[in-house]
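K.L.:
One structure, as structure tokens, below. Some questions next.
Rule-based calculations on the coordinates, nothing more; no lab input. Quantities reported herein were computed from a predicted structural model and do not represent experimental measurements. Reconstructed Cβ throughout: ideal geometry from the backbone, glycine too, with neighbour counts over all protein chains shown.
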Amino acid sequence: MQHFVNQTDFYSQACALAPIGMAMLTSEGAFLYVNQTGCEIIGYTQSELALLNLTDMIGREEGLALKQDMNESMFNGHSLFAKEVLFIEKNGNAKWMDLKLTFIRDDNKHETPFFIAYMTDITDKKANELEWLAIKEDYDLITGNVLDLISYITPDGITRYISPSVRDLLGYEPKELIGKTNFELYHPDDFEMLKSSPLSDPDVLTYRVRHQDGRYLWFETTYKAVKDESGNVQKLIGIGRDITNRKNHEDSLAAAQNIAMLGSWEWDIAKQLFTMSEHCYKIFNLDTKQPVQKDELISLIHPDDQNKYRTAFNDALEGLPFNHEFRHLQADGKIKFLNIRVAVNFDDNGNPVKMLGTTQDISDRKRIELNLEESVQRYTSLKKYNHDAIISIDLNGNIINGNPVAEQLTGYPVKQLIGLSISTVIGMENYKSLLSDNKDYTIVERSIDKISHSSGHSVEVLATVAPIIVNKGLVGYYLIMKDITEQKNLLIAKETAEKMNKAKSEFLAMMSHEIRTPMNGVIGMTDLLLQTTELDEQQLEYVSIISKSGETLLRLINDILDLSKIESGKTELQVEPFQIRECIAETLDLLTHKALEKNLELIINVNPNVPELVIGDSNRMRQVLINLIGNAIKFTYSGGVTITVQCLSSDFNQVRCQFTVSDTGIGIPLARHHQLFDPFYQLEHFMTRKQEGSGLGLAISKRLVELMHGEIWVESAEEKGATFHFTVVLQVENNHAVLHPDSKNNIVESELHSIKVLIAEDNEVNQLVLTRMLDKLGIVSVKTALNGNEVIQAAAYETFDIIFMDIEMPEMNGVEATRVLKETLESKKCPYIIAVTANALLGDREKYLQTGMDDYISKPLTIDSISEALKKFNTIRT
């Protein structure tokens, strides 16, 4: 192909390595030169293109139209023309090209003898606008399309031969130059460089030569030394070419590189000279005034990619291709993605003499690729690991694909699902509804409540329909289905359990109220009888038995309610500062008399590492200790009980303490240990029943300990005593927690004597019990009301300090009566209202206080509970 030239200079190498198609054509559209990328894009070899015209690629009519557009553009003085055209490849396939043409004008002849074409395959862009951005391949100018100037000169510079092409190139006849040194033809600024440059073998020099008409042209000449047998240079053969156009179009080249975000660099291995183009400096954010050595180039590569770069670099020196992607770590920490291509020139001995490279910033494209890859991976993972069945369907209702859960749900392997009509799974009616023009997918989703399994049975599902949109067009549907068979069963079981739990709660509330009301009379009266009546020994014994039985019954009721509250998750810890040692002492105050009755020794060991002050629920802590120490005393008949406390661990704001209660009692068989903390299991079950108890103490203790983030266990053997351990986590405030002052105070009887009290209670026994207890405490001004209406009437005509308000009363209950009093009376004149009720479940206290009541006590009433309520009132009043 005589029009193609073998260009090996810096810019021709950049052209050859450019990732875009580049070609040189005549004004009639004949191909003069096409780079390798262009051949691959068009689908022809260079030799085939030499015989073709541009119109052969785009069709005659399109070619004529293109020619007209080009002529019009050139007539208007434009130097660049761009158009999208449809190319026909050799195999007949159509391919869209972004065709840019640069007109190369002959200033003397005022015409355009040829033009340079830049070709970019934009088929994907035309086919799919949502595809990630098409890569704009590097533009590079093809220059120097002239015949080579061949010459040889003697070592002293005399021209012995010059080819006839000198006529067209420089305007001289060969005979004018042969036999002369012709040094005067070189540009003065280049002559010294040529004189001082030691010629290597081979070598390439770039310089300016004066044309016969006086202008200077840029030439690039490759020299080869011809030596004799002794190694002496006989002559230098030079092949030169006019690169003036390339020099004149360097700005255009820089612009093209900028568009393609492409920089070029060259390493002259022989001269150890490394140069980079201006845009290469921009890519690496370097100052163009700062020279970069070849060895410094690797420092511009991301540290994690440097080994890969070294390997590729060394492979290139061995002749292997170099076309890789690397990362560049910028000073601000951001990452640039680069594509580096390298070509190496070798001498006759196979030694590398020059390395030419291009560096392209592909960050935008790479980010699109990474985002696309991430989306694909997420979608694939979503389908693969989704707990729901996902089936994709085309617009004809045929299944495209399905995930593993779809196999399980339908019973069909994915290979069998593909191509199957979705009607096989969801039924014909749902199939028609899905593919109808009605795009209200919620209607379809509601109708798909069952699907057919391959075995013939139905599976209840919850369905979701999602459209598949590609290029803003509907191409199919996703059918997402969840098997809700188990959920339905669980829902039924949950509803059943909730109903049972509600019934249990209602039963406990009812039983609490119904039992506590008569218990109030029993315990209240026996309490009054023991404290206010002189009884003989037998009467005292009988009354004491009644009192003890009532207390036992009340404890049983309280234990049942307590366990119920804990198990329902409605128990909340009351967190406040307290002293562990004082908590233990208060517990022993309640139990010491029982130990003394059995002549048992009580030993307390508190490790010094246990903090003095902690934050937690001291009442619940005391409840656990009472249960464990009480059981130890109950089942120990000689010896004693030892209580040990130690701190297992601590950090800045909390400690983990272990409490141990050991006894020398009857012990517990190992086989019974796992039952100890079960509700209603009594320690006496493995013996004859000799003790009272509900069998709930240890069960409640276990649950309370777990609420305090601890655990409880037992170590024991029959007749060798028992040791119970439990741990709790308590808070500390950097050892600066402060106890709240004791709000208890003694009430002077004269202060109570002046208090006026109204008892709102419809039960006459309870009226009598409360009246007698108040009288015992020194309150003599007491009146009664049977319902809420009577309470409001009494408060309207008389001022009361305290109202003991029963909740359940006829006509108007205590809650409603409290609301009316709070709304109608001034706050200063409104009595202190104490809720008195048999409702003692968790939340009852808070519920009644929220209605406006000032305090709360539960039935059965005791003098102590009434006294505590009066103390609170007295504290507030004072």
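K.L.:
Which pairs, out of Lys756/Lys872; Lys308/Lys354; Lys308/Lys336; Lys598/Lys634; Lys83/Lys126, put more than 19 Å between their alpha-carbon atoms?
P.N.:
Lys308/Lys354
K.L.:
Rounded to the nearest 0.05, what FRET efficiency do Glu597 and Leu490 have when you use their Cβ-Cβ distance and R0 = 51 Å?
P.N.:
Plugging the Cβ-Cβ distance into 1/(1 + (r/R0)^6) gives 0.40.
K.L.:
I'd like the distance between the alpha-carbon centres of the range 261-325 and the range 398-427, rounded to an integer number of Å.
P.N.:
Result: 54 Å between the Cα centres.
K.L.:
Based on the inverse mean of 1/r over its pairs of different Cα atoms, what is the Kirkwood hydrodynamic radius of the range 10-127, in Å?
P.N.:
This gives a value of 14.6 Å.
K.L.:
OK, next. Tell me which residues come under 5 Å, amide H to amide H, from Gly476 once H is placed; ignore anything under 5 positions away on its chain.
P.N.:
Ile468
K.L.:
Now for a separate question. Take each of the peptides 473-482, 820-829, 238-247, average the number of other beta-carbon atoms within 10 Å over its residues, and list them starting from the highest.
P.N.:
On the way: 473-482: 17.5, 820-829: 11.5, 238-247: 21.8.
In descending order of packing, they fall as 238-247, 473-482, 820-829.
K.L.:
Read phi for every residue in the range 624-640 and hand back ³J(HN,Hα) as whole Hz from Karplus 6.51 cos²θ - 1.76 cosθ + 1.60, θ = phi - 60°, with x for Gly and Pro.
P.N.:
Karplus values, whole Hz, x for Gly and Pro: 5, 5, 4, 4, 6, 5, x, 4, 4, 5, 4, 9, 10, 10, 7, x, x.
K.L.:
What is the fewest-to-most order of Leu262, Leu870, Leu66 by other Cβ atoms lying within 10 Å of their Cβ?
P.N.:
Sorted ascending by nearby Cβ count, the order is Leu66, Leu870, Leu262.
K.L.:
Return the long-range amide H neighbours of Phe677 (sequence gap of 5 or more, or a different chain), with a cut-off of under 5 Å between placed amide H atoms.
P.N.:
Residues meeting the amide H criterion: none.
K.L.:
Let me ask another. So how do Ile340, Ile492, Ile426 line up by other beta-carbon neighbours within 10 Å, fewest first?
P.N.:
Ile492, Ile340, Ile426
K.L.:
Here's a follow-up. Exposure proxy check: Arg60, Arg622 ranked by fewest other beta carbons within 10 Å?
P.N.:
Placing the least packed residue first, the sequence is Arg60, Arg622.
K.L.:
Count charges around Asp69 for me, please; just the other residues with Cβ under 14 Å from its Cβ, Lys/Arg as +1, Asp/Glu as -1.
P.N.:
-1
K.L.:
Right, here's the next one. May I ask you to work out the translational diffusion coefficient for the range 749-877 at 37 °C, viscosity 0.692 mPa s, via Stokes-Einstein with Rh from the Kirkwood sum over Cα pairs, reported in whole µm²/s?
P.N.:
Translational diffusion coefficient: 227 µm²/s.
K.L.:
What is the sum of charges, Lys and Arg at +1 and Asp and Glu at -1, for the other residues whose Cβ falls under 14 Å from the Cβ of Val728? Walk me through the numbers before you get to the answer.
P.N.:
Values: positive: Arg620, Arg622, Arg656, Lys702, Arg703; negative: Asp617, Glu706, Glu711.
Charge balance in the 14 Å sphere: +2.
K.L.:
In whole Å, how far is the Cα centre of the range 201-229 from that of the range 594-649?
P.N.:
Centre-to-centre (Cα) distance: 108 Å.
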